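Enquirer: Below you'll find the structure I mean.
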Amino acid sequence: MSKEQNGTEKPQNLSRRDVLKGIAITAGVVAAGAVVGVNPIGAAHAAGKCPGITPKASLQYQPHPKGKEQCSACANFIAPHCCKVVAGSVVPEGYCMAFILKPA
Ligand code: SF4
């Protein structure tokens, strides 16, 4: 294990390939829904379920921010507690490797 600049331990057992594979699977589900005329993100959210399917561990999700990067500032965040990528509920102060800064 190595220490990041903020002093937290970062697991080394996940490759960049694993992360990209998880994101690709999520994108594939969304694209498949578009082909058949269903919005899987909107449908899942409307049903009270979060649409993300990538396991939190594979994207190193953490329930606290990484600097100024946090779910509430991410383009994948669906308020109040869902993510388009990560499975299960997330908190607005959370963070993972799929963070994308929300456009201003
Ligand atoms: S930081 Fe990660 S968990 Fe949070 S909303 Fe963005 S993609 Fe989802």
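Values quoted throughout were computed directly from the atomic coordinates according to the rules given, and no laboratory measurement underlies them. For clarity, every value in this text was computed on a predicted model and none was experimentally measured. Positions of Cβ are generated from backbone atoms using ideal geometry, with glycine treated the same way; all protein chains shown enter the neighbour counts.
Enquirer: Using the 10 angstrom Cβ neighbour count as an exposure proxy, how do L59, L101 rank, fewest first?
Expert: With the fewest neighbours first, L59, L101 line up as L101, L59.
Enquirer: Can you tell me the FRET efficiency between K49 and A73 if r is taken as the Cβ-Cβ distance and R0 is 30 Å, rounded to the nearest 0.05?
Expert: 0.80
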